[in-house]
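Reviewing the structure listed below.
The values are calculated or read from the model by the stated rules, or taken from the named source; none is laboratory data. Remember, predicted model here, so these are calculated numbers, not experimental data. Neighbour counts are summed over all protein chains in view; Cβ atoms, including those assigned to glycine, are modelled from backbone coordinates with ideal geometry.
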Amino acid sequence: MILRIFTLAAVAASLFSSLPAQAQLVQLDTYKDWTVYRQDGQSGRICFISSTPKKLLGEYNRDNRGETRVFVTHGPGKAERDVVSVKAGYVYKRQSEVEFSVDGNKTILFTLEGRAWAAGPDDDQKLITRMKRGNKLVVTGVSSRGNKTIDEYSLSGFTKAKSQMDKICP
C-alpha cells in the first residue's frame, strides 16, 4: 500500500505540471466529456483520461480553488494500470476520506494532500466498471479549511475514451 501511494503520488505530480521537452503532454482525442492524453518520458509512457466537473457545489470561495479533475491512468509500466484518482483543486482535510459516487453507488477514497485514490487495483476496477455503465459521478470531499465540496461529473464518453487509452497504452 505504501509503495502504491508513492508511485501514485509521482504519477500525479507529473499530470498537468510543467514538463521537460522530452516529456511533453499530448492531448489526443475527446469523446464527449472525457479527453485522452499521452506523455512519453524517460521512465516510459503514461496515458490517462480526464474530465472536469459540470457543477461545483458547496459553500466556499471559488477563487480559492484550483483545477479540479477526475483521472484514470496507465503507467508507466504494467504495474500501475487503471488507477482512478481525483484532483481536488485544494488540499484535503488531513486523514479525511472522499466519497466517489456513480449513480448513487458510493465508494470511499483515501486522500493525500490534494489527491484522492481508491484503496487498490480491485477497487479501481470496480469503479471503472461502474463508470462505464453510469451516467453521473459525484465526488464529495472536505478541504483543509473545513469546506465541503460536491463536484458533479458527466460520464458521457467515458467508455470510448477508456477504450482509446487502452489501445495507445496496452
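Looking only at region 31-77, count how many residues are surrounded by fewer than 15 Cβ atoms within 10 Å (Cβ to Cβ) and not basic (Lys, Arg). Within region 31-77, residues that are surrounded by fewer than 15 Cβ atoms within 10 Å (Cβ to Cβ) and not basic (Lys, Arg) number 11.
Scanning region 101-132 for residues that are exposed (fewer than 14 other Cβ atoms within 10 Å of the Cβ), in a strand (DSSP E or B) and touching a strand residue (DSSP E or B) at 6+ places or on another chain (Cβ under 8 Å) returns 106, 108.
There is at least one residue in region 83-90 that is over 19 Å from residue 147 (Cβ atoms), touching a residue at least 60 places away in the same chain (Cβ under 8 Å) and surrounded by 15 or more Cβ atoms within 10 Å (Cβ to Cβ).
Residues in region 142-158 that are over 14 Å from the mean Cα position of the chain (by Cα) and in a strand (DSSP E or B): 142, 143, 148, 149, 150. In summary, residue 59 fulfils each of the numbered conditions (1) part of a loop (DSSP other than H, G, I, E, B); (2) under 25 Å from residue 167 (Cα atoms); (3) touching a residue at least 40 places away in the same chain (Cβ under 8 Å) with the single exception of condition (2). Of everything listed in (1) out of contact with any Lys or Arg (no Cβ under 8 Å at 6 or more places or on another chain); (2) modelled with pLDDT of 90 or more, the single unmet condition for residue 28 is (1).
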